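S.K.: One structure, pasted below without further comment.
The values are calculated or read from the model by the stated rules, or taken from the named source; none is laboratory data. Fair warning: this is a prediction, and the values are worked out from it, not measured in the lab. Counting neighbours? That spans all protein chains shown, and the Cβs are built from the backbone with ideal geometry, glycine included.
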């Protein structure tokens, strides 16, 4: 079986969205990404840079709970780490701007 490889983020993103079909998974991603952004801004504004290590912990913990428990699929992060990270932020923004919905 040949493995699908994406040549661009634009090709990858529809696949990324298809891996987030359950509302609870999107909600968990949204919460994790929001907390990540808050922690990052706080760490940078207060010059407490040691807190930045919490960002991946917070972001991935919420996302992976959504995938392993609710979606029952393997996060795209394992095969496409950079596209997946970008997808998290694009999906977060599209949820805020109501381009996509929970």
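S.K.: Out of the residues in the stretch 11-56 that are under 16 Å from the mean Cα position of the chain (by Cα), within 15 Å of residue 89 (Cβ to Cβ) and loosely packed, with under 14 Cβ neighbours inside 10 Å, state the one that is modelled with the lowest pLDDT.
M.R.: The extreme case among them is 56.
S.K.: Identify, by number, the condition in (1) more than 15 Å from residue 59 (Cα to Cα); (2) in a helix (DSSP H, G or I) that residue 36 doesn't meet.
M.R.: The single condition residue 36 does not satisfy is (1).
S.K.: Here's something else I'd like to know. Take the residues of the stretch 57-80 that are assigned to a helix (DSSP H, G or I), over 10 Å from the mean Cα position of the chain (by Cα) and without any contact (Cβ under 8 Å) to a residue 24 or more places away in the chain: which is nearest to residue 10 (Cα to Cα)?
M.R.: The extreme case among them is 78.
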